[in-house]
Amino acid sequence: GGGYVMLHFLPCAVALGAAFPALLAAAEAGGTDPGRGTAWLLGANTLGNLLGALLGSFVLMPWLGLEMVLTIGSLASLLVAALACGRRPGRWLIGAVAAGIVGTLLATSWPAMDLLYGGLFRLKIDGTSSPRGQIENRDFGPVLLRRDGTDASIVVQRAGDLISFRTNGKPDGTVGPRGEADQLTQILLGHVGFVHNPSAKKVFVVGLGTGQSAGAAAAHPETSVTVAELNEGVLEAAPIFAEYTGDVVNKPNVRVLITDAREALRAEAPGSIDLYISEPSNPWVVGVADLYTKDHLERVRARLAPGGVVVQWLHAYEVGDEIFRDILCTAAGVFPRLWVYRLGTGDFALVGGVDPKDVDASAVAAWLADKQVLATIPDVGRFPRTVDTLFLLNMAGPSAVARVCEGFDQPLDELFPRLEYQAPRFVFSQRNAAEMVRKVDARSRPPFDTLLGDVLRNTPLTEARIVAFRTFLLAEHRDFETPLLAALMPTNLPGPLAE
């Protein structure tokens, strides 16, 4: 693998390294003073880099698309190479022929954009098949939309009845008629904050994505939702997902700002936000790690209204236990009352606040019964549609989190951005934070510091309730098992839990 990459990049690196001394030698041969020539070359190189980056990112990429920019850039490089061959007929002819051959190949062999946007950088070789075989077996499906923006390329693809939303090739959301795993996470992120602040009215959402989180929050009565989205292409993709979001971008109580979330947050008045929902991409994506730092969370805390709540997405795949703990305990240091919810196999929500309201199960039941809210939650087994099943997703409360974070004294900060450098190391390691997840999960051991544990200590447990728990836990693609439920209940329960 290393030799293959070297064959592709080493000649380019050598050529780039030789360009400056070759140009300087040419300038000296033309009678230019070496000092003056060096200054002009360095200045021209710096100016060219700046103009190229600005022109390519802000003009050419959004206007022409990535493959056209790559093709034009390659042809321009070939033309410059041909001109650099000099005026001698032999050199000029060789350069022109070489440029013509390569240019023809570029024009007739268009880049395979489905591979470029297919997220092949996350391909993990399992030893049973070759990289080529894994690529050939991938069904990328037709592209419904593609927009190359100033900061990212957005692609929406359909594969069967599944529609995926990709940012720079990385899946950041899916929808489908069966209620896919990503939908569970995205929809519940828009709802779990209302468990701890059911009267929340002003909601701030980081990232639009498929729009399901914002759509779920906007379904709650009398809410006003502000969404900060960095990429305009995401807004263009919104109509494709309208069926699953209630056409969220056109709702009268929703406004979408095309701007950096941190800038949008600074514009909010202190003490004005009831619910802050952060669902960025993975922390190994450039710029995302800052959203998990103590500095940013303190800015969020300053803008929370009394009783305000923060919802922060977190994942346990492609990270190590130390990263999971760093993110969890940094948040706990800013929000002393922090709950952890397990949404999917590897997706979690941290829900915290300084002085959030005590959880009122009857208030949660009231908004769960609202027709508009319930319409956002697919009627599929893995989706919680009752207070009990929603509370069952709560893994830990503040005291359980405090025990896990005891002695933690190195919160993530912007000045020393270790998360931004540590997170990428785990993308290809096939590691996960299973040990930390086990330590955090308080549902299967006393004193059951969870919302459901509190409820079951004060309400009777009926046979129908037991069956409802079992049905939910054993629903398709749920990774919770029957022993977990049994641990939450008295040991002498009748019925199928005794199995």
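Got the relative contact order for the range 264-322 handy, in percent, Cα pairs under 8 Å and 6 or more residues apart? Please list the in-between numbers first.
On the way: 53 pairs, mean separation 29.4, N = 59.
Computed value for the range 264-322: 50 percent relative contact order.
Tell me whether the range 284-360 comes out rounded, prolate or oblate; compute the Cα gyration tensor, take square roots of the eigenvalues as a ≥ b ≥ c, and use a/c under 1.5 as the rounded threshold.
Working: a/c = 2.18, a/b = 1.37, b/c = 1.59.
It is oblate, given that a/c is not under 1.5 and a/b is not larger than b/c.
Could you order the peptides 155-167, 214-226 from most to least packed, using the average number of other C-beta atoms within 10 Å per residue? Spell out each step's value before the answer.
Values: 155-167: 19.4, 214-226: 22.3.
Sorting 155-167, 214-226 by mean packing, highest first, produces 214-226, 155-167.
Using only protein heavy atoms and a 1.4 Å probe, report how much of Lys294 is accessible, in Å² to the nearest 10.
80
Per-residue counts of other Cβ atoms within 10 Å, averaged by peptide: what ranking do you get for 250-262, 312-324, highest first?
Values: 250-262: 15.8, 312-324: 21.3.
Packing proxy ranking, top to bottom: 312-324, 250-262.
Along the charge dipole of the range 203-310, Cβ charges K/R +1 and D/E -1, which of Val203, Val286, Pro252 sits furthest on the positive end?
Val203
Note down the accessible area of Glu243, probe 1.4 Å, to the nearest 10 Å².
Solvent-accessible area, nearest 10 Å²: 150 Å².
Please compute, over every Cα-Cα pair in the range 144-233, the percentage with a separation greater than 14 angstrom. Write out the running numbers ahead of the final one.
Working: 2661 of 4005 pairs.
Within the range 144-233, distances greater than 14 Å cover 66 percent of Cα pairs.
Of Val351, Leu374, Pro417, which is farthest on the positive side of the dipole of the range 342-418, counting Cα position, with +1 on Lys and Arg Cβ, -1 on Asp and Glu Cβ, and the Cα centre as origin?
Result: Leu374.
Local charge sum around Leu208 (other residues, Cβ-Cβ under 12 Å, Lys/Arg +1, Asp/Glu -1)? Before the final figure, lay out the partial values.
Numbers: positive: Arg255; negative: Asp172, Glu229, Glu232, Glu236, Glu279.
It works out to a net charge of -4.
Given charges of +1 on the Cβ of Lys and Arg and -1 on the Cβ of Asp and Glu, with all other atoms neutral, how large is the dipole of the range 332-471 about its Cα centre, in debye to the nearest 20? Walk me through the numbers on the way to the answer.
On the way: 17 positive and 17 negative charges, 105 e Å.
That gives a dipole near 500 debye.
In the full protein assembly as shown, how much of Met61 is accessible to a 1.4 Å probe, in Å² to the nearest 10?
The accessible area comes out at roughly 40 Å².
Could you grab the relative contact order for the range 387-458? Cα pairs under 8 Å, six or more apart, rounded to a whole percent. Spell out each step's value before the answer.
Numbers: 41 pairs, mean separation 40.9, N = 72.
That works out to 57 percent.
If you place +1 on the Cβ of every Lys and Arg and -1 on the Cβ of every Asp and Glu, how big does the dipole about the Cα centre of the range 353-436 come out, in debye to the nearest 20? Please list the in-between numbers first.
Working: 8 positive and 12 negative charges, 83 e Å.
Magnitude of the dipole: close to 400 debye.
By a straight-distance test (C-alpha under 20 Å), which aspartates and glutamates pair with Lys357 as possible cross-link partners, with residues fewer than eight away in the same chain excluded?
Within reach: Glu222, Asp274, Glu298, Asp388, Asp449, Asp454.
The values are calculated or read from the model by the stated rules, or taken from the named source; none is laboratory data. The structure displayed is predicted, hence computed values, not measured ones. A quick note on method: Cβ atoms are made from the backbone with ideal geometry, for glycine too, and the neighbour counts reach across all protein chains shown. Just so you know, the surface numbers come from the protein's heavy atoms only, side chains and all, with ligands and any DNA or RNA stripped out. Shrake-Rupley method; radii C 1.70, N 1.55, O 1.52, S 1.80 Å.
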